[in-house]
1. Scan the range 252-264 for residues that are closer than 16 Å to Pro352 by Cβ and either surrounded by fewer than 20 Cβ atoms within 10 Å (Cβ to Cβ) or within 16 Å of the chain's Cα centre (by Cα) (or both) and jot them down.
2. Could you please find all residues in the range 172-183 being among the small types (Gly, Ala, Ser) and either surrounded by fewer than 22 Cβ atoms within 10 Å (Cβ to Cβ) or assigned to a loop (DSSP other than H, G, I, E, B) (or both)?
3. Among the listed residues Ala349, Ala391, Ala334, which satisfies the condition of being in the same structural domain as Leu441 (by TED's automatic domain parsing) and within 22 Å of Gly246 (Cα to Cα)?
4. For the range 141-164, give me each residue that is closer than 18 Å to Gly25 by Cα, at pLDDT 80 or above and surrounded by 24 or more Cβ atoms within 10 Å (Cβ to Cβ).
5. Quick check: is even one residue across the range 197-216 modelled with pLDDT of 80 or more, under 22 Å from the mean Cα position of the chain (by Cα), within 30 Å of Leu339 (Cβ to Cβ) and in a helix (DSSP H, G or I)?
6. Run down Thr398, Thr437, Thr377, Thr447 and say which single residue is modelled with pLDDT of 75 or more and surrounded by fewer than 23 Cβ atoms within 10 Å (Cβ to Cβ).
7. Could you count how many residues in the range 185-216 are touching a residue at least 12 places away in the same chain (Cβ under 8 Å) and aromatic (Phe, Trp, Tyr)?
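The values are calculated or read from the model by the stated rules, or taken from the named source; none is laboratory data. Note that the structure is a prediction, hence the values are computed from the model and not measured. Because the Cβ atoms are built from the backbone with ideal geometry, glycine has one as well, and the counts that use them run over all protein chains shown.
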Amino acid sequence: MSELKQDMVDGGLWTASGRIVAILGGFVLNLVLARTLSPADYGVYFVVLSTMIILATVGTAGMDQVVVRFAAAHKAVGDWGAVRAVILRCLGMVLAATALVCVAFYPLVPWFFANVMKMPAAVALGGLMVLWLFFSTIQRQLAETFRGLSDIRLATVFGGFRNNGILVSLATCAVSLLLWWSGAMSLRAAFAMTVGASLLVVLVAGWTLWRRLQSLGEGDDAAAAPPARWSAASALHEGWPLWVVGLIAVMRAQSSGWFAAGFDSADQVALFAIAQRFVLLLTAPLAIVNALLPPVVAGLYARAETARLQNVVQAVGGLASLPCVLILALLVVAGRPTLGALFGAHYEAAYPMLVVLCVGQVANILTGSWQIVLPMTGHRKQMLRVSTSAALVQLAGTVAGGYALGAIGVALGSSIGAVFGNLLGVATVRRHLGIWTFISLRRSVLTDALALLASRAARLVPARMRG
């Protein structure tokens, strides 16, 4: 296996590991918070977390993706001076943009949470929110910088809540269990815990990056890239389209909490939060398998093996669907008592929302990995159109549903957007590539996919251990 393919497979496995840790850590964190906080306070934490993820995306100004693209490109040709210039310019712009977002957000906290979100308990915690926003945004930029340096391991270790960071998940999980055991958990403590975890990651990642920059290109004569090549204007020109795509994606994933809070009480928001977090277990197997799929799709498409590409994508989806079906059956049949046993009797009322949200996730499973296929085959514009169209449908559905039915209506609108977006994505892949991404359980297709994935996984074992 070439070094490039080896790096891609290693990166996929690290990404999959990060997803597993994040899923388990997030489950434990939500279990602790639901058990220790009142439903109203848990709803506040959920809405603030969604708000921080959205605003952190705003604060990066697209530089998180710019640094990945151009740091990797300059690294590939050994231009270490340009690599440093890209990293420092992007980090400086994120620091400035995040500071502006924090300054603009702080005075809006009382109005936004008291009047729009109807959560006055959050107003007194505005200072912690600003610190949370600042550190989480810088954390994301540092993690993506390591991705640009082709160090997927450190990118996964230092990632945030949105991109399945291992260190922040373990830190928040450990501290939340400690606070639970000591009886000291409160809404303020939960905020402080999250801020502290982000600060820890920023300090460790910043120190590690500084050491890495000191050693980049040692012994080479590469000079730093001319400042004119990386002005703020040129960086923003490169970054704004990527920023728009990323913002649309995160708004689709996180804004449902805003709508639930805007149309219903904090207690109902807590039920929505538990249902949304719990239903993520349904697609966990697909998300983990998809982490290994990008290099496979890119390689097959580059070799024009379209028929095999379809087989592999359908089979990977089919394999991932098997545990998903078992989880779905558990949620539908025993969801109500399971919610009560894990999170408390109050959260049994989240069962109807759980079932509604499952509908959207079933569409996500059945339509397969089209979200991987489109960008990995160069169809980024088509991906943007699908994302924008699905976001508009989801927006209309959540507003109409929330106005009519409250939080459960928001769940219904979210599922409608998911179904529409996934079907549109499949149709787009079919139109431009001539293949289907719907899952398949045909034996011949599964055998081909398993052989392809196994051959790559086997190469990860050192030669001396293969026996």
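1. Ser256
2. Matches in the range 172-183: Ala174, Ser182, Gly183.
3. Going through Ala349, Ala391, Ala334 in turn, the sole match is Ala391.
4. Ala155, Thr156, Phe158, Gly159
5. Within the range 197-216, one or more residues are modelled with pLDDT of 80 or more, under 22 Å from the mean Cα position of the chain (by Cα), within 30 Å of Leu339 (Cβ to Cβ) and in a helix (DSSP H, G or I).
6. So the residue among Thr398, Thr437, Thr377, Thr447 that is modelled with pLDDT of 75 or more and surrounded by fewer than 23 Cβ atoms within 10 Å (Cβ to Cβ) is Thr377.
7. From the range 185-216, those touching a residue at least 12 places away in the same chain (Cβ under 8 Å) are 185-188, 190-202, 204-206, 208-209, 212-213, 216; that's our starting set.
Still in the running and aromatic (Phe, Trp, Tyr): 191.
Final tally of qualifying residues: 1.
One line per residue, one yes/no per condition, for (1) buried (at least 20 other Cβ atoms within 10 Å of the Cβ); (2) closer than 16 Å to Thr437 by Cα; (3) modelled with pLDDT of 80 or more:
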{"residue": "Leu280", "(1), (2), (3)": "no, no, no"}
{"residue": "Ala287", "(1), (2), (3)": "no, yes, no"}
{"residue": "Ala307", "(1), (2), (3)": "no, yes, yes"}
{"residue": "Val313", "(1), (2), (3)": "yes, yes, yes"}
